[in-house]
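Here the structure comes first, spelled out in structure tokens, and everything after it is commentary.
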């Protein structure tokens with residue numbers, strides 16, 4: 001049943017750790033059936049309740065699933081084996097358009113802003129017990145949120161968008177609860193939800209964002225939370241339009257106890273208007289990261305939401321890291337005050353690169369998505385084959401499996417660093433890879 005891998009341990013924590021290590025190392029593959037609890041207890045010489053506790057921990061961590069009399073097995077996409085492992089190793093000489101990173105040439109210099117922030121820190125050190133949020137950062141962030149129609153609420157600062165989402169989900173949900181997520185969607189988020197012991201239910205989307213009928217179906221079936229990307233959706237580039245936002249608000253009004261989480265990581269790299277959903281449900285959160293516009297290594301996001309949600313998030317944060325570096329916060333304030341990022345210029349640069357690739361693909365009969373941001377999503381009939389053929393042709397793209405639950409196959413192409421003329425060559429390679437797949441009868 002388990003091949004050569006022996007589960008070890010005398011305590012529940014040791015047994016669950018043994019299984020989790022094996023799953024992470026690939027020694028217990030997705031779908032592998034685990035021994036019945038009594039059988040494993042006898043083999044290890046422990047009480048069956050100990051094994052039951054270990055299996056319960058593994059379920060809560062999203063490593064295994066239990067199906068009644070059919071037993072427990074490793075999840076098809078266990079949280080222990082992150083989607084980041086579903087990637088292409090890029091050989092030397094191959095053009096990498098898979099990573100999802102911003103163009104370094106469009107990121108502002110950080111040195112002057114940090115120098116000024118550090119100088120102020122020397123004069124006014126931040127000590128234990130000081131406020132966790134830089135007052136000027138909160139003021140500027142709140143003013144921009146107000147201008148974009150995001151409801152009033154307190155401001156917190158987290159170590160990036162994913163940190164904010166994790167804290168919000170943990171503040172309200174318990175293992176076994178279901179979260180409605182976009183499909184295709186952000187791979188890291190699709191890893192995070194099961195890692196918290198939560199279940200995912202996919203919600204389809206088009207260029208205008210999540211489909212209202214899918215959201216209605218997910219919430220009607222018991223999903224307690226919904227996560228929506230407002231702009232620059234990863235991997236499709238979708239943008240929540242005005243009409244779609246009205247339709248989604250109408251659905252959410254029927255489910256006022258839904259925890260709504262909105263991710264606006266496209267802020268300052270997208271020049272399309274924001275149409276927030278926040279405020280319709282009792283508990284909500286809205287997060288903006290500075291990663292795409294100012295640099296991923298800043299690890300900073302602004303979070304707002306209803307009073308209860310923010311109070312829980314800030315309370316738990318105090319018990320852990322305490323706060324995000326005020327020096328970093330002050331540097332970000334300086335970048336904002338200096339106008340270090342020209343949103344129109346950055347959005348225009350990414351837009352021209354997306355349009356060039358999408359247009360070149362269309363000329364070759366290949367459909368693609370990408371209304372905003374730095375990624376283009378290309379549906380393909382044979383995902384594995386397309387990725388392999390493109391790699392052979394000199395292009396590394398991201399496999400769609402990193403971003404999908406039930407959605408059809410596809411590939412994600414990051415256009416952020418595409419140079420002049422590269423779109424034509426890349427489109428030729430994609431068209432060739434897709435046609436070969438179709439020619440082999442793949443559907």
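The values are calculated or read from the model by the stated rules, or taken from the named source; none is laboratory data. The structure displayed is predicted, hence computed values, not measured ones. Cβ placement follows ideal geometry from the backbone for every residue including glycine, while neighbour counts extend to all protein chains displayed.
Considering only the stretch 33-45, how many residues are part of a helix (DSSP H, G or I) and surrounded by fewer than 17 Cβ atoms within 10 Å (Cβ to Cβ)?
Quick first cut of the stretch 33-45, residues part of a helix (DSSP H, G or I) only: 37-44.
If we keep only those that are surrounded by fewer than 17 Cβ atoms within 10 Å (Cβ to Cβ) as well, we get 38-39, 42-43.
Residues in the stretch 33-45 being part of a helix (DSSP H, G or I) and surrounded by fewer than 17 Cβ atoms within 10 Å (Cβ to Cβ): 4 in total.
A single entry from 181, 201, 193, 215 fulfils the requirement of being free of Cβ contacts under 8 Å to residues at least 60 places away in the same chain, under 29 Å from residue 55 (Cα atoms) and touching a helix residue (DSSP H, G or I) at 6+ places or on another chain (Cβ under 8 Å): 201. All of 198, 192, 162 fail the test of being at pLDDT below 95 and over 22 Å from residue 255 (Cβ atoms), apart from 192.
Of the residues making up the stretch 249-256, none is surrounded by fewer than 22 Cβ atoms within 10 Å (Cβ to Cβ), touching a strand residue (DSSP E or B) at 6+ places or on another chain (Cβ under 9 Å) and over 16 Å from residue 218 (Cβ atoms).
Scanning for something surrounded by fewer than 24 Cβ atoms within 10 Å (Cβ to Cβ) and in a loop (DSSP other than H, G, I, E, B), does the stretch 383-392 turn up at least one residue? No, every residue in the stretch 383-392 fails to be surrounded by fewer than 24 Cβ atoms within 10 Å (Cβ to Cβ) and in a loop (DSSP other than H, G, I, E, B). Among the residues making up the stretch 386-400, those that are over 18 Å from residue 416 (Cβ atoms) and in contact (Cβ under 8 Å) with a residue 12 or more places away in the chain are 386, 387, 389, 391, 393, 394, 399, 400. When only residues in the stretch 1-32 that are surrounded by fewer than 14 Cβ atoms within 10 Å (Cβ to Cβ) and not in a loop (DSSP other than H, G, I, E, B) count, which is farthest from the chain's Cα centre (by Cα)? If we take residues in the stretch 1-32 being surrounded by fewer than 14 Cβ atoms within 10 Å (Cβ to Cβ) and not in a loop (DSSP other than H, G, I, E, B), then 13 is farthest from the chain's Cα centre (by Cα). Among the residues of the stretch 141-149, is there at least one that is free of Cβ contacts under 8 Å to residues at least 40 places away in the same chain and in contact with a helix residue (DSSP H, G or I) (Cβ under 8 Å, 6 or more places away or on another chain)? Scanning the stretch 141-149 turns up no residue that is free of Cβ contacts under 8 Å to residues at least 40 places away in the same chain and in contact with a helix residue (DSSP H, G or I) (Cβ under 8 Å, 6 or more places away or on another chain).
A quick yes/no check of all residues on (1) touching a strand residue (DSSP E or B) at 6+ places or on another chain (Cβ under 7 Å); (2) buried (at least 18 other Cβ atoms within 10 Å of the Cβ); (3) part of a loop (DSSP other than H, G, I, E, B); (4) touching a residue at least 40 places away in the same chain (Cβ under 8 Å):
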position	(1), (2), (3), (4)
243	no, no, no, no
272	no, no, yes, yes
275	no, yes, yes, yes
303	yes, yes, no, yes
308	yes, no, no, no
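Within the stretch 367-380, the set of residues being crowded, with 19+ Cβ neighbours inside 10 Å and assigned to a loop (DSSP other than H, G, I, E, B) comprises 368, 370, 371, 372, 373, 374, 380.
Each row is one residue, and each column tells you yes or no for (1) assigned by TED's automatic domain parsing to the domain that holds residue 366; (2) farther than 24 Å from residue 229 by Cα; (3) at pLDDT 95 or above.
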position	(1), (2), (3)
386	yes, yes, no
404	yes, no, no
410	yes, no, yes
414	yes, no, yes
425	yes, yes, yes
428	yes, yes, yes
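Determine if the stretch 170-187 includes at least one residue that is outside the structural domain of residue 403 (by TED's automatic domain parsing), under 25 Å from residue 379 (Cα atoms) and modelled with pLDDT under 95. Within the stretch 170-187 (the criterion being outside the structural domain of residue 403 (by TED's automatic domain parsing), under 25 Å from residue 379 (Cα atoms) and modelled with pLDDT under 95), the answer is yes, since at least one residue qualifies. In this entry, residue 214 passes the filter for residues that are under 19 Å from residue 369 (Cβ atoms) and crowded, with 18+ Cβ neighbours inside 10 Å. Would you please name the residue that is farthest from residue 232 (Cα to Cα), looking only at residues in the stretch 92-116 that are touching a helix residue (DSSP H, G or I) at 6+ places or on another chain (Cβ under 7 Å) and assigned to a helix (DSSP H, G or I)? Going through the qualifying residues, I end up with 116.
Got a sec? Which of 318, 314, 288 is touching a strand residue (DSSP E or B) at 6+ places or on another chain (Cβ under 8 Å) and assigned to a helix (DSSP H, G or I)?
Working: 318 fails: touching a strand residue (DSSP E or B) at 6+ places or on another chain (Cβ under 8 Å); 288 fails: assigned to a helix (DSSP H, G or I).
When all the criteria are applied, what remains is 314.
Can you confirm whether the stretch 393-400 contains a residue that is touching a strand residue (DSSP E or B) at 6+ places or on another chain (Cβ under 6 Å), buried (at least 24 other Cβ atoms within 10 Å of the Cβ) and in a loop (DSSP other than H, G, I, E, B)? Yes, some residue in the stretch 393-400 is touching a strand residue (DSSP E or B) at 6+ places or on another chain (Cβ under 6 Å), buried (at least 24 other Cβ atoms within 10 Å of the Cβ) and in a loop (DSSP other than H, G, I, E, B).
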